[in-house]
Amino acid sequence: MDTASLIPLIPALPLAGFLLTAAFGRRFGKGAHWIPVGAVVLSWLIAMVVVSQSLTSDQAFAITLWHWIPAGSFQVDAGFYVDHLSSVLLIVVTTIGMLVHIYSIGYMAHDDGYWRFFAYLNLFMVSMLILVLADSWLLLFVAWELVGLCSYLLIGHWYRKNTAALAAKKAFIVNRVGDVGFALGIMAIFIDTGTLNIRDSLTSLTAGSTASPTIPIWVVALLIFAGAVGKSAQFPLHVWLPDAMEGPTPVSALIHAATMVNAGVYMVARANPIFASAPQVMTIVAAIGIFTAILAASIAMTQTDIKRVLAYSTLSQLGYMFASLGAGAFGAAIFHLMTHGFFKGLLFLGSGSVIHAVHEEQDMRKMGGLRKKIPQTYRTMLIGAIAISGIPPLAGFFSKDEILGEAFKTGFYWVWAIGVVVAILTAFYMFRLIGLTFWGESRVDPEVEPNIHESPPVMTTPLWLLAIPSVLLGIVLSWPGPPLGPLLGQPADAQGLLAGWLAPVFAQAQTLLSRPEAAFDIGGLDGGLLLVSIVVAIVGMVAAWRLFGVEIGPLRGGQRPAAVKSLTARMPFLYRASVNKWWFDDINHVVFIAFGGWVASALAWFDRNIVDGIVNAIGSVTRRSGSGLARVQTGRVQNYALGIAIGLIVMAGSYFFITAPHP
Amino acid sequence: MGLAENLATYLEVAGTLFAIGTFGFLARRNAISMLMSIELMLNAVNLSIVAFGAFIPTLQTQGAVIALLVIATAAAEATVGLAIVIAIFRNRKTPLVDEYDAMRR
Amino acid sequence: MRAWLYLIAAAIAGGIVATPAILVFVLFGGTFDDALFAALATLLIVSAIAVVTMRDIIRCGLAMIVSFLALAGIYVILRAPIVAATQVLVYIGAISVLILFAIMLTQEKVAPTKLVFQTQAVPGAVAAIIIALLVSITALGTDWKASADRVRAATEQVASLLFSSYVLPFEVVSVLLLAAVVGGVFIAKKERRPEPGSDI
């Protein structure tokens, strides 16, 4: 069978799942999950077939579904395109999507909207898959919006809860702000190139870079980056992601850790020729990315809700990805996207398992000592925490070190420096989370404590299935290249597996950026940077152990809440700023909501008093002059006679004036 | 002095009488007073007609004739006017015209 | 006591009337006609003012009669005796009597009111004065192409004119008088309610 014709099946199966579940799901009751989960599993299988075909050859598969818009000079086809970049994303999206679907069978078992949840999950899979596979900017934009819609529907799954509804609305609106820029960017692409096909527009934009296009390329790059800022929750549009934790935990895992927020990274990577032609925009991308990273990491240090910590952690890691993109290390960003998808998905699903165990309690101050009670969750989450902290040989170390190394080597020293600080903070807050949740004394509510039990296998199996890539993916994807390759005897210029796959995708950007290729020198600069990455990760981890306790194997240490208190007392401003999320929500409230409300009430005052006032004034003038004039009608003959006399005088007098001889 | 041979004199007197009648018509409150003022005005007009008849050659005796007809008409009008005043008095119980404001807005 | 008040009033009135006559006759050297005209004109104007300003309405009616008389005299000066005679007969004899009867029929039971004049008396006066000015400007300013002296309106000629070229207006006025009389009776008569039991 032709591989290209398999591609439409990948989004079509979840689409069928969505339609069937939406139509009949309610009737299936507890069995509503069979169709959607089955659809996603089948879709995963087909995706693996397509991906294996694509990655083992240099061939890219394209299929045009139909001629969408035939409007004179505006021609758009709806089609799918699979190259190595899409394949990598397909792996992430379908695998994690499938595991989240299976996990949700257990997590949402007691929920009233069971069928609704699966229907929307399937719809989300459809949108995300179309986004990754799209061959046209317009189709990508449609899928972009659809993904935002599914995010809204899923965050607000428990729509009766006020905070959930508000959070869903906030997510959608903040996304929209970014989407305005994205739409303008797409229009700019059309103006500059006359086509909305992704491949064609990219070639024509960079081929004609000597001639000056109507809209400068850096403007185009900036505009479509705005869309990425909104979708991937970078500063200043980051405010929706923490609130999005109101949704069920599988939603947080799937959408806000592994797939939707990666759409921005994917889009910038796909448009890498545009960005490479505009180096100033690349700097802006890197700046926003690394700033978001440290901002989010600083907030995560003091959050007490387990899911919030993970949300800010996602923001921070996404910042890393954008910093990497901005520094020109596109491959490293995609590497981190993959590894982060797996271990963040693992951490979120694990936190869901914890929440499930302590009966929907999300405050870490009411947890503790859960190590013995939910061992499988504990072990998988520990793996996830080690992975994200960048401790070798787990996955996070490889991708994070590559980002930092590339940043340093391309001259973005400030990105490297801030990135190192963020690495320390990341390790710190992750082990703080582990410590507060699993180690030390139990602070769980006494009523809940006897009922703490491990989650059912349908939930723990996905956890283990995600833990495996978290451990091995880094090694697998970077072999035989740096950093392990040179260490174990491979030639110094060998390319890693993932790097090899993605090299043709980013080749054009690399030539545009004209970076010299330097071999990996384990004994020199590269080795030094490697060492720094390892050291800072361990420093952060140990610092967290000192304050929040440790119970790994032979290592034991108690929690020191007094030390924590004295530490925070020494930095009151930073502590308060961190707890209040650097007051961004308050700023937004004052600037947009309060100010907007003030403007609205001023306009309402204007409308009521001036506009209506004018209308009412005209009416009252008419009425008053009418009643004033009506006073002439006294009903008395003599008054009328006086009027007649006056008229007579006027007429006779004017006759005099008219016929008087003029000098 | 030629007062009595001057047409203008008679016209002046007629005008003054007419003005007095107008004032009385506009200013008095009693309906009968208004009618009396109307009679004054009619008389003023009559005087001017007769004066014209006496002085203008082409109007020789016609002035007097017209004056006679005017007197007859004035009589008819006074009759009907007074009848109306009496009828209204029976209804309103007052001869004062500022009370007759049923046609007020 | 009342009697000699009336005598004084009559003397004043006579004085008022006689003064301009004497003035004209003696001071300005006018003819007898001029003096007579001055006296009658003064009487006319004064009594007319009395008609419109006096409080007691009966006195107004009597002043009106005096003014009619003065006017009749002026008609005689204008050499139109038939008009003078008709003026006395109709105006004083019929209309004034009618007015006096009407005053009698419409007298209020309550005491005479305080206000003689309306609130619009002042604008009315102003309007009247302006009208007088307009008329006098017209009268003095126009060249009437008048003959030098009054022409007599002989009664026979008046009669023949009345029944030859003015016969249509004559007949119409008589119909008008008939209509006025019938209408006046009809308007002024009391409404009779049909008595219960009668078959009207």
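Bear in mind these aren't lab numbers, they're just calculated from the coordinates by the rules spelled out. Please read these numbers as outputs of a predicted model, since none were measured by experiment. We place every Cβ from the backbone using ideal geometry, glycine too, and count neighbours over all the protein chains shown.
Data table
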quantity: Cross-link pairs beyond the 29 Å C-alpha cut-off, checked among A:307/A:373; A:170/A:373; A:170/A:372; A:161/A:231; A:169/A:400; calculated: A:170/A:373; A:170/A:372; A:169/A:400
quantity: Estimated dipole of chain C in Debye, rounded to 20 [Cβ of Lys and Arg +1, of Asp and Glu -1, Cα centre]; calculated: 500
quantity: The stretch A:159-194-the stretch A:553-604 distance, computed between alpha-carbon centres (Å); calculated: 26
quantity: Under Karplus coefficients 6.51, -1.76 and 1.60, residue-wise ³J(HN,Hα) of the stretch A:334-349 in Hz, glycine/proline x; calculated: 5, 4, 5, 4, 5, 5, 4, x, 6, 6, 6, x, 4, 5, 5, 4
quantity: Chain C: relative contact order in percent, alpha carbon pairs under 8 Å with at least 6 residues between; calculated: 13
quantity: Shape of the stretch A:78-175, Cα gyration tensor, a/c cut at 1.5; calculated: oblate
quantity: Least to most buried among A:479, A:44, A:137 (fewest other Cβ within 10 Å first); calculated: A:479, A:44, A:137
quantity: Neighbour net charge for residue A:454 - beta-carbon separation under 13 angstrom, K R +1, D E -1; calculated: +4
quantity: Computed label-point distance, nm, for sites residue C:107 and residue A:454 using a 7 Å Cα→Cβ extension; calculated: 12.9
quantity: Isotropically averaged projected area of the stretch A:184-284, using the convex hull of Cα atoms (one quarter of hull area), nm²; calculated: 6.8
quantity: Test item: Cα-centred dipole of the protein assembly as shown, Lys/Arg +1 and Asp/Glu -1 on Cβ, debye; calculated: 2680
quantity: Backbone HN-Hα couplings from phi across the stretch A:195-206 [Karplus 6.51/-1.76/1.60, Hz, Gly and Pro as x]; calculated: 9, 10, 6, 4, 5, 5, 5, 5, 5, 6, 5, 8
quantity: Prolate/oblate/rounded call for the stretch C:7-110, Cα gyration tensor, a/c under 1.5 rounded; calculated: oblate
quantity: Shielding of A:626-633 by partner chains, average beta-carbon count, 10 Å; calculated: 1
quantity: For residue B:46, net neighbour charge (Lys/Arg +1, Asp/Glu -1) across residues whose Cβ lies under 15 Å away; calculated: -2
quantity: Segment residue C:26-residue C:154, extension gain: residue separation times 0.36 nm, minus the distance between their alpha carbons; calculated: 42.9 nm
quantity: Taking A:110, A:359 and counting other C-beta atoms within 10 Å, the order from fewest to most; calculated: A:110, A:359
quantity: Whole-Hz couplings from phi, Karplus 6.51/-1.76/1.60, listed for the stretch A:472-478; x for Gly and Pro; calculated: 9, 4, x, 5, 4, 6, 8
quantity: Full-stretch length increase - residue A:191, residue A:5 - with 0.36 nm per residue and alpha-carbon distance subtracted; calculated: 63.8 nm
quantity: Net charge contributed by nearby residues that have their C-beta within less than 13 Å of residue A:64 (K/R +1, D/E -1); calculated: -2
quantity: Average other protein chain Cβ within 10 Å of Cβ, residues C:53-59; calculated: 2
quantity: Two-site FRET efficiency, residue A:23 against residue A:366, from Cβ-Cβ distance with R₀ of 60 Å, rounded to 0.05; calculated: 0.90
quantity: Added length on full extension, which subtracts the Cα-Cα distance from 0.36 nm per residue, residue A:634 to residue A:552; calculated: 18.9 nm
quantity: Placed amide H near residue A:305: partners under 5 Å, 5+ positions off or other chain; calculated: A:364
quantity: On Cα atoms only, tilt of B:7-27 relative to the major axis of chain B in degrees; calculated: 0
quantity: Reference-scaled alpha-carbon Rg (2.2 N^0.38 Å with N residues) for the protein assembly as shown; calculated: 1.90
quantity: Extreme residue, positive dipole direction of the stretch C:7-110, given options C:78, C:12, C:58 (C-beta unit charges); calculated: C:58
quantity: Dipole of the protein assembly as shown [Lys/Arg +1, Asp/Glu -1 at C-beta], most positive-end residue of A:29, A:638, A:234; calculated: A:638
quantity: Spatial separation of Cα centroids for the stretch A:313-392 and the stretch C:11-50, in angstrom; calculated: 130
quantity: Gyration tensor verdict on chain C (Cα atoms; rounded if a/c is under 1.5, prolate if a/b is larger than b/c, oblate otherwise); calculated: oblate
quantity: Whole-angstrom gap from the stretch A:427-477 to the stretch C:66-87, using each part's C-alpha centre; calculated: 134
quantity: Cα-projected label distance for residue A:176 with residue A:207, points at 7 Å along beta-carbon direction, nm; calculated: 3.9
quantity: Peptides ranked, highest mean first, by Cβ atoms within 10 Å: ranges A:500-509, C:53-62; calculated: A:500-509, C:53-62
quantity: Ranked packing of C:92-104, C:73-85, most packed first, by mean Cβ within 10 Å; calculated: C:73-85, C:92-104
quantity: Average beta-carbon neighbours from other chains, 10 Å sphere, peptide C:167-175; calculated: 3
